[in-house]
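Asks: Take a look at the following structure, please.
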Amino acid sequence: MRVKTKPFLQREATECGAASLGIILKYYGREVPLMELRGKCGVSRDGTNAGQIVRTAREYGLTARGGKSTVEFLENTDLPVIIFWKFNHFLVVEGFDKKFAYLNDPALGRRKVSKAEFAKSYSGIVLQMEPGEEFVKGGKKRNFIAYLAVRLQNSKTALAFTFIAGFFLSLIRLIIPAFSLVFVDQVLVEGFQDWLRPLLLGMAVTTILQFTIARMQYIFLRKLIIKLSITMNSQFMWHLLRLPMKFYAQRFAGDISSRAALNDQTVQLLSRVANTLIDAIMLVFYAVLMSFYNGILAGITIVFGLINVAALYWLQQFRIEATLNLSEKKGKLSGYLLGSLGAIETLKAGGLESYIFARILGIYSQVMNEEQRLNIQTKVLTVLPTFLSSLASGIILVLGGLKVMAGEMSIGMLVAFQTVASGFLNPLGELINFGSSLQELEANLERLDDVLDHPLDEDIEITEAVENSVFEEGNELVKPIPGAEQDAPPGFSIPYSLLKGKVELRNITFGYNPLKPPLIENFNLLIKPGSRVALVGKSGSGKSTIANLVCGLYEPKLGEVLFDDVGRQEIPRSVLTKSVAMVAQDIFLFEGTIRENLTLWNPTISNSALIQASKDADIHEFIMTLSGGYDANLLEGGVNLSGGQRQRLEIARALVNNPRILILDEATSSLDAETERIIDRNLRRRGCACIVVAHRLSTIRDCDEILVLKEGKVLERGTHQQLWNEGVYYRELLEVEEGSQESGVRSQNEEGSRESGSQKPGLSMDNQINFKSPKQTRFLEGEESQKPGFSEDAEINFKSPKQTRFLEGNQPLIFESPQIIWLVKSGEVEIFYSLQEAGEL
């Protein structure tokens, strides 16, 4: 059994489940936008799951169930069904034949695979769906023409003139066959030589008129292209920059940048709309004129034209699918290339070039396969009109010649008809080519509208709504003056340009997937102006998430974030962005001057504020040693700086606006202890409230409050001393950190022993080497921390317990490092450089 479903491609890597459900709904007659399905299926940065897809299907009236099955079951069940593919992807099965399985893949479109590959890739999970009693057909299909009209509505004048000029050009072309008729029949055949001069004059005037109108059309067409390009690119970038963080979290950076490049391609296609409409209208005039010359030949020409149209319709769905697949693959390739180049130091240090090359080459091969697939269809669409036009011309010439010999047509009429037929078939060929381009345009618009239709950041929408209402009332918003007290802008509650520094998170509940249990639930935190609060815990415990909630990158599902006892929505966005600064884990430096990197082109930041911020970040002296100082150029990513220097520039950037609330998310992880102490002292002198996210607990001991997090919940809170005395989890984290530091010291000691030439085999090392703590050594027999016969004065540093071996009885302790054998017996320590030198044990 085999069914045929329509393509419904995903826009993000995590949308395969929602798009697969869209394929099933469309098959049964229900059109649902992908954005709606994305929300109902709870698609997040982690995607969705089979259970949620089933629940969403039931909301639309489908009878849905899921479970495990075999390939044989799928071959005999009602189709289509959704299956889980390679344990990481959802797609739709259309059917089987003797050799192949037919799939509709949201990532690749409709395709077929061998049964062997299907059996290997099928994960055993199937979701069966069929219309229930409450299922309703319908839904609104995307109106492509309406989308075109929206984009062209501000270019009506240029578009109208282009259309009128093109229409007159087409009328002039209709006159040319008449010139041919008169020249052949009257001048050449009949010998009316007196007609030659006025005929040539008329042709000259027609040519000049045609050139003038064509030039004017070209000028207006260029203006139309420039206007559309500026309008569409600026609209796209302005909307893109105001989207919430969750939009970027679910997409590749390269994919987003490739969508921006689609604007120029779309403009070029839109600029052809006017001429294409003219060609479509002129087909009617050409058909009438051909009928005037000869009805039979006109019918033959029209039949060939209809064959062209049928070919276009037949290839339409395949080209849309192939174009969308190609766009998706190119975006993915661009994203991997950008990511690999951004992490080139890690790749080079790890010797991972071959692995990354293989990954990129794999994606590139997919791009090339899609391009070849699309090129084949494009070649068919390109060659077919030419072939049919040549075939039609040959048939017309033969039949027309027969009619001339029979006296039904004159030679001039045959020549004129050939000209008109060519005028009919050529625009038809252009229409077919534009039709194929229109499919590409539709695919591009879908990817662009995925960005433009996405809701804006709520904070930005609220601020703009208030400001727009103020302007409508005739009031003027006054720009805040840094450090100056002033009345609040109308519609807002904060009466000053900078916050005082009080932050409160009240009953906050948040999760990245709205349909899963929240990561953070009923979380409360109060930070007073000038105080210092630390968030500690293992990776994934929610530390950075809380920091992102404070600075507004994410909105809580429940609860509210208050600044100076006022809700975020009631505070002007300009006040928030000046008052709250964040130093994230990922350092962002672009190619440009240090001044540009620190100020981000903000002209209101004074030079004194810039210098003070750099001094507080302990980077000013280094900047002044550079040629050009603050105007010295940085390379992309700051690759001409050390990790610590890049991190201090990031801290200085956060301080240039003199924020009242500073969020430090692993902001000093690349700094040495002395530099970290200097920056900490400078920040305390500024008096701003600090939220410190840290893994190195030694950096937060003097914080006013420390919150110990685990899986989004606060296990312990208090000062360092309180948690050390009474806490359990915090003390465990601290002991693990101290143990790691001791391991680092031991590694340094071992390295020094390898390099020291004075330590020969047999040298006693009493009182110079440190034992590990009892917890870190493993005895095969007994529980005591020190075996009898070992001197208390001998302290030895060993590696992990797996590398430390105590033998039974009175036999010696052996520790084997890659190059050195340590032999310990009766408190005496000897070093050998091979087992052979150690001799019999």
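The values are calculated or read from the model by the stated rules, or taken from the named source; none is laboratory data. The structure displayed is predicted, hence computed values, not measured ones. Backbone-built Cβ (ideal geometry, glycine too); neighbour counts: all protein chains shown.
Asks: With farther than 30 Å from K329 by Cα and of a type in the set (S, T, N, Q) as the only criterion, which of S389, S365 stands out? So that I can check it myself, show each step before the final result.
Replies: Details: S365 fails: farther than 30 Å from K329 by Cα.
Of the residues listed, the single one that is farther than 30 Å from K329 by Cα and of a type in the set (S, T, N, Q) is S389.
Asks: Any residue in region 62-72 that is under 28 Å from S327 (Cβ atoms), in contact (Cβ under 8 Å) with a residue 40 or more places away in the chain, assigned to a loop (DSSP other than H, G, I, E, B) and not assigned by TED's automatic domain parsing to the domain that holds G511? Give the derivation first.
Replies: Step one: filter region 62-72 for residues under 28 Å from S327 (Cβ atoms), giving none.
No: region 62-72 contains no residue that is under 28 Å from S327 (Cβ atoms), in contact (Cβ under 8 Å) with a residue 40 or more places away in the chain, assigned to a loop (DSSP other than H, G, I, E, B) and not assigned by TED's automatic domain parsing to the domain that holds G511.
Asks: Can you tell me which residue in region 373-391 is nearest to the chain's Cα centre (by Cα), limited to those that are without any contact (Cβ under 8 Å) to a residue 12 or more places away in the chain and over 21 Å from V420 (Cβ atoms)?
Replies: N375
Asks: Is there a residue in region 538-551 that is at pLDDT 90 or above and at positive phi?
Replies: no
Asks: Identify all residues within region 124-165 that are more than 24 Å from V93 (Cα to Cα) and of a type in the set (V, I, T); write none if there are none.
Replies: I145, V150, T157, T162, I164
Asks: Next question, about the same structure. Only one residue in S606, S614, S579 is in the same structural domain as R684 (by TED's automatic domain parsing), out of contact with any Ser or Thr (no Cβ under 9 Å at 6 or more places or on another chain) and surrounded by 13 or more Cβ atoms within 10 Å (Cβ to Cβ). Which one? Reasoning before the result, please.
Replies: Values: S606 fails: surrounded by 13 or more Cβ atoms within 10 Å (Cβ to Cβ); S579 fails: out of contact with any Ser or Thr (no Cβ under 9 Å at 6 or more places or on another chain).
Answer to the check: S614.
Asks: Specify which of the listed residues (A274, A253) is surrounded by fewer than 18 Cβ atoms within 10 Å (Cβ to Cβ) and either at pLDDT below 85 or under 30 Å from S44 (Cβ atoms) (or both).
Replies: On the way: A274 fails: surrounded by fewer than 18 Cβ atoms within 10 Å (Cβ to Cβ).
So the residue among A274, A253 that is surrounded by fewer than 18 Cβ atoms within 10 Å (Cβ to Cβ) and either at pLDDT below 85 or under 30 Å from S44 (Cβ atoms) (or both) is A253.
Asks: Could I ask something else about it? Can you pull out every residue in region 413-445 that is more than 20 Å from L391 (Cβ to Cβ) and at pLDDT 80 or above? Before you say what the answer is, go through the steps one by one.
Replies: Within region 413-445, the subset more than 20 Å from L391 (Cβ to Cβ) is 413, 416, 434-445.
Within region 413-445, M413, A416 meet the criteria.
Asks: Please state which one of V182, V205 is surrounded by 15 or more Cβ atoms within 10 Å (Cβ to Cβ), assigned by TED's automatic domain parsing to the domain that holds S437 and closer than 27 Å to V288 by Cα. Walk me through it before giving the result.
Replies: Numbers: V205 fails: surrounded by 15 or more Cβ atoms within 10 Å (Cβ to Cβ).
Going through V182, V205 in turn, just one is surrounded by 15 or more Cβ atoms within 10 Å (Cβ to Cβ), assigned by TED's automatic domain parsing to the domain that holds S437 and closer than 27 Å to V288 by Cα: V182.
Asks: Are any of the residues in region 392-401 under 30 Å from I176 (Cβ atoms), without any contact (Cβ under 8 Å) to a residue 60 or more places away in the chain and among the hydroxyl-bearing types (S, T, Y)? Before the answer, list the steps.
Replies: Taking region 392-401 and keeping what is under 30 Å from I176 (Cβ atoms), we get 392-401.
Of the ones still in play, those that are also without any contact (Cβ under 8 Å) to a residue 60 or more places away in the chain are 393-394, 397-398, 401.
Then drop every residue that is not among the hydroxyl-bearing types (S, T, Y), which leaves 393.
Scanning region 392-401, I find at least one residue that is under 30 Å from I176 (Cβ atoms), without any contact (Cβ under 8 Å) to a residue 60 or more places away in the chain and among the hydroxyl-bearing types (S, T, Y), so the answer is yes.
Asks: Now for a different question. Take the residues in region 502-521 that are assigned to a loop (DSSP other than H, G, I, E, B) and in contact with a Gly (Cβ under 6 Å, 6 or more places away or on another chain), then tell me which one is farthest from E555 (Cα to Cα). Before the answer, list the steps.
Replies: Step one: of region 502-521, the residues assigned to a loop (DSSP other than H, G, I, E, B) are 502, 511-519.
If we keep only those that are in contact with a Gly (Cβ under 6 Å, 6 or more places away or on another chain) too, we end up with 513-515, 518-519.
Details: N513: 13, P514: 12, L515: 16, P518: 13, L519: 13 Å.
Ranking the candidates gives L515 first.
Asks: Could you tell me which of the residues F523, F563 is over 20 Å from L499 (Cβ atoms), out of contact with any Cys (no Cβ under 7 Å at 6 or more places or on another chain), in contact (Cβ under 8 Å) with a residue 60 or more places away in the chain and surrounded by 19 or more Cβ atoms within 10 Å (Cβ to Cβ)?
Replies: Working: F563 fails: over 20 Å from L499 (Cβ atoms).
Among F523, F563, only F523 is over 20 Å from L499 (Cβ atoms), out of contact with any Cys (no Cβ under 7 Å at 6 or more places or on another chain), in contact (Cβ under 8 Å) with a residue 60 or more places away in the chain and surrounded by 19 or more Cβ atoms within 10 Å (Cβ to Cβ).
Asks: Still on this structure, please answer the following. Taking R110 as the residue in question, decide whether it is without any contact (Cβ under 8 Å) to a residue 12 or more places away in the chain, in the same structural domain as L37 (by TED's automatic domain parsing) and either within 30 Å of K223 (Cβ to Cβ) or not hydroxyl-bearing (S, T, Y) (or both).
Replies: On the way: without any contact (Cβ under 8 Å) to a residue 12 or more places away in the chain: no; in the same structural domain as L37 (by TED's automatic domain parsing): yes; either within 30 Å of K223 (Cβ to Cβ) or not hydroxyl-bearing (S, T, Y) (or both): yes.
Taking the combined requirement at face value, the residue does not satisfy it.
Asks: Quick check on my filter: what residues within region 352-392 are among the small types (G, A, S) and either touching a Ser or Thr at 6+ places or on another chain (Cβ under 7 Å) or over 27 Å from D255 (Cα atoms) (or both)? Talk me through it step by step, then tell me what you get.
Replies: Initial filter on region 352-392 (among the small types (G, A, S)): 354, 358, 362, 365, 389-390, 392.
Hits for region 352-392 are S389, S390, A392.
Asks: Test S258 against the criterion of being surrounded by fewer than 18 Cβ atoms within 10 Å (Cβ to Cβ) and farther than 19 Å from F167 by Cα, and give yes or no.
Replies: Numbers: surrounded by fewer than 18 Cβ atoms within 10 Å (Cβ to Cβ): no; farther than 19 Å from F167 by Cα: yes.
For S258, the condition - surrounded by fewer than 18 Cβ atoms within 10 Å (Cβ to Cβ) and farther than 19 Å from F167 by Cα - is not met.
Asks: Also, quick follow-up: Of a type in the set (A, V, I, L, M, F, W, C), in a strand (DSSP E or B) and out of contact with any Pro (no Cβ under 9 Å at 6 or more places or on another chain) - does that describe any residue in region 536-545?
Replies: Initially, region 536-545 is screened for residues of a type in the set (A, V, I, L, M, F, W, C), giving 536.
Then drop every residue that is not in a strand (DSSP E or B), which leaves 536.
Within this subset, residues satisfying the condition of being out of contact with any Pro (no Cβ under 9 Å at 6 or more places or on another chain) are 536.
Yes.
Asks: Could we say that S44 is farther than 17 Å from D105 by Cα and more than 31 Å from the chain's Cα centre (by Cα) here?
Replies: Details: farther than 17 Å from D105 by Cα: yes; more than 31 Å from the chain's Cα centre (by Cα): no.
Considered against the rule, which asks whether it is farther than 17 Å from D105 by Cα and more than 31 Å from the chain's Cα centre (by Cα), S44 comes out as no.
Asks: Every residue in region 534-551 that is more than 13 Å from I508 (Cα to Cα) and either surrounded by 18 or more Cβ atoms within 10 Å (Cβ to Cβ) or touching a Cys at 6+ places or on another chain (Cβ under 9 Å) (or both), please. Spell out the reasoning first.
Replies: We begin by selecting, within region 534-551, every residue more than 13 Å from I508 (Cα to Cα); these are 534-541, 543-544, 551.
Listed by number, the residues that qualify are A534, L535, V536, G537, S541, K543, S544, C551.
Asks: Same structure, new question: Which one is farthest from T593 (Cα to Cα) among residues in region 637-664 that are part of a loop (DSSP other than H, G, I, E, B) and not charged (D, E, K, R)?
Replies: Filtering region 637-664 for residues that are part of a loop (DSSP other than H, G, I, E, B) and not charged (D, E, K, R), the one farthest from T593 (Cα to Cα) comes out as P659.
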